[in-house]
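Everything on this sheet refers to the single structure shown next.
No value in this document is a laboratory result; all are computed from the given coordinates. This is a predicted model, so every value here is computed, not measured. Cβ placement follows ideal geometry from the backbone for every residue including glycine, while neighbour counts extend to all protein chains displayed.
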Amino acid sequence: MSETSAPPTAESTWARPEGTSLEQWMDSRVARYATRRYDWDALKFQEQVDPRYRRAQMRYVGTGGTGVSKDSNTVPAGHFTFSTMVIPAGHIGPSHIHVDVEEIFFVMRGKMKLVIEKDGERYETVLNERDLVSVPPGVYREEHNIGDEDALMCVMLGSPKPITPTYPPDSPLAKIKR
């Protein structure tokens, strides 16, 4: 797909390819942990600004909102993306905003402090294992691993190809062109 072509529709990602058996079709829609690898480079540009921003994404459905444009080892996204994220102890997912999509964080392991900012108001909470937050579009969010171990979160974005997030104007990340 070229940069100027439209993303596939949900229906096209769900369509069983002609001449494909049910087994072949469904096998192409299974994303096994054994075939995934953590991508520590997807957000490396953030780590280069601040080493505390180091974290890794493991993609399952679509490529998520990290700016990775293609990953042939994922299930095609129809309506959302789904990945896991490893955040080392003491590390941070920097403040960012998705203007077009809701973002879900589900903590599988660890303890994360969530900071939300909107129109000068600030909200903080701690998410423990099996806690979830749904962050609406147009709201800044950042995540801090305040535990003693690597945290593991599921991350879901409400679009098959979300717009790459942006950063607060005063963030050094806002100056980076990707």
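Would you please give the FRET efficiency between LEU132 and ARG16, computed as 1/(1 + (r/R0)^6) with r the Cβ-Cβ distance and R0 = 25 Å, to the nearest 0.05? Using R0 = 25 Å, I get an efficiency of 0.20.
Of all lysines in the structure, those lying under 26 Å Cα to Cα from LYS177, and not within fewer than 8 positions of it along the same chain, are LYS44, LYS70, LYS118, LYS161. Which shape class, rounded, prolate or oblate, goes with the range 38-175 when its Cα gyration tensor gives a ≥ b ≥ c as root eigenvalues, a/c under 1.5 marks rounded, and past that a/b bigger than b/c marks prolate? Since a/c stays below 1.5, the shape of the range 38-175 is classed as rounded. In a simple Cβ point-charge model (Lys, Arg +1; Asp, Glu -1; nothing else charged), the chain has a dipole of about 360 debye relative to its Cα centre.
Couplings 3J(HN,Hα) for the range 136-150, derived from phi with the Karplus relation 6.51 cos²θ - 1.76 cosθ + 1.60 (θ = phi - 60°), are x, x, x, 10, 5, 9, 8, 10, 10, 7, 9, x, 9, 10, 4 Hz, where x marks Gly and Pro. For the chain, the 222 nm mean residue ellipticity estimated from helices alone, with every DSSP H stretch of n ≥ 4 adding -39500 (n - 2.57) and the total spread over all residues, rounds to -2000 deg cm²/dmol. In terms of other Cβ atoms within 10 Å, LYS177, LYS161 run from fewest to most in the order LYS177, LYS161.
Taking the Cβ-Cβ separation of GLN24 and MET108 as r and a Förster radius of 25 Å, what is the calculated FRET efficiency to the nearest 0.05? Rounded to the nearest 0.05, the efficiency is 0.20. Annotation: amide H of GLY64 within the under-5 Å range of PHE82, sequence separation 5 or more or interchain, hydrogens built in the peptide plane. Taken along the Cα-to-beta-carbon direction at a fixed 7 Å, the label points for LYS177 and ARG122 span 3.3 nm. Converting phi to 3J(HN,Hα) with the Karplus coefficients 6.51, -1.76 and 1.60 and the offset θ = phi - 60°, the range 98-109 yields 9, 7, 10, 9, 6, 10, 10, 10, 10, 7, 8, 8 Hz in sequence order, with x at every glycine or proline. Note that the range 163-178 has calculated 3J(HN,Hα) couplings of 5, 4, x, 10, 10, x, x, 8, 7, x, 6, 5, 7, 7, 9, 10 Hz, one per residue in order, obtained from phi through the Karplus relation 6.51 cos²θ - 1.76 cosθ + 1.60 (θ = phi - 60°); glycine and proline are x. Annotation: amide H-H contacts under 5 Å for LEU127 (H modelled 1.01 Å from N, sequence separation of 5 or more, or interchain): MET112, LYS113, LEU114.
Annotation: extensible slack from ASP148 through ARG37 equals 37.6 nm (criterion: 0.36 nm per residue apart, minus Cα-Cα distance).
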